[in-house]
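Written below as structure tokens is the structure these notes are about.
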Amino acid sequence: MATERTLSIIKPDATRRNLTGKINALFEDAGLRIVAQKRIQLSEAQAGKFYEVHKERPFYGSLVSSMTAAPVVVQVLEGEGAVLKNRDVMGATDPKKAEPHTVRAQFAESIEANSVHGSDSPENAAIEIAFFFAGTEILP
Ligand code: RTP
Ligand code: MG
């Protein structure tokens, strides 16, 4: 499998509970390398644009509010098959359905405050990485 990059976000519910290091350890233990990382406060406009695909979903407004409620850590993870590998480490969207070893089973508060975001395809990863990072900020 080829080396890939994926965009990961440690969400406000997790930064608020000081879980960044524990979550990063799970990524690194799975063979993902953090090649870019910054802690930022998302504006409503930025969060709304990032989640535009979910605009018609009933949870959109509340998702945008929850993503702007505290800082997030945005990061680029690199590794073999990074997109799928990261989603394996994250676990199912609903923490009640997530495998026990995953980030969401261990740390998520609810289906919405579920501690992490990860790109769902290499194509979306490229778009989402460019949303947050300049090429010069990514240092393998
Ligand atoms: P993500 O995009 O955040 O990596 O997560 P995902 O693919 O597992 O979930 P997706 O269906 O893309 O939904 C994006 C985020 O919206 C929130 N959500 N809330 N209340 C609900 O039923 C509901 N469903 C989804 C979650 O925060 C989810 O991660
Ligand atoms: Mg998704």
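The values are calculated or read from the model by the stated rules, or taken from the named source; none is laboratory data. Computed from a predicted structure; not experimentally measured. So basically every Cβ, Gly included, is an ideal-geometry build from the backbone, and we count neighbours across all protein chains shown.
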Practice item. Identify the residue in the stretch 113-140 that is among the aromatic types (Phe, Trp, Tyr) and more than 18 Å from Ile23 (Cβ to Cβ) and, among all such residues, is farthest from ligand 2 (Cβ to nearest atom). Key: Phe133
Exercise for review: Consider only pairs whose beta carbons are under 7 Å apart and that are at least six residues apart or on different chains; among these, list those whose first residue lies in the stretch 36-51 and is within 16 Å of Ser8 (Cβ to Cβ) and whose second residue is assigned to a loop (DSSP other than H, G, I, E, B).
Suggested key: Ala36/Phe133; Ala36/Ile138; Ala36/Leu139; Arg39/Pro71; Ile40/Pro71; Leu42/Thr68; Ala47/Thr68
Point to revise | Among (1) exposed (fewer than 13 other Cβ atoms within 10 Å of the Cβ); (2) under 23 Å from Asn18 (Cα atoms), the one test that Ala30 misses | key: (1)
Exercise for review: Only one of these is of a type in the set (Val, Ile, Thr), away from ligand 2 (no atom under 14 Å from the Cβ) and within 13 Å of the chain's Cα centre (by Cα): Val35, Val72. Name it.
Suggested key: Val72
**Study point:** Odd one out for Ala130 among (1) within 17 Å of Thr6 (Cα to Cα); (2) part of a loop (DSSP other than H, G, I, E, B); (3) of a type outside the set (Asp, Glu)
**Key:** (2)
Check your understanding: From the residues in the stretch 80-124 that are more than 13 Å from Ser8 (Cβ to Cβ) and of a type in the set (Val, Ile, Thr), which one is farthest from ligand 1 (Cβ to nearest atom)?
Key -> Thr102
**Study point:** Subset of the stretch 88-112 that is of a type outside the set (Ser, Thr, Tyr) and buried (at least 20 other Cβ atoms within 10 Å of the Cβ) - its residue that is nearest to ligand 2 (Cβ to nearest atom)
**Key:** Met90
Check your understanding: Within the stretch 97-109, restricting attention to residues that are under 21 Å from Val64 (Cβ atoms) and in contact (Cβ under 8 Å) with a residue 60 or more places away in the chain, which residue is nearest to the chain's Cα centre (by Cα)?
Key -> Ala108
Check your understanding: Which ranges mark the helices (runs of 4 or more DSSP H) fully within the stretch 3-115 that have 2 or more residues being touching a strand residue (DSSP E or B) at 6+ places or on another chain (Cβ under 9 Å), among the basic types (Lys, Arg) and modelled with pLDDT of 95 or more?
Key -> 82-90
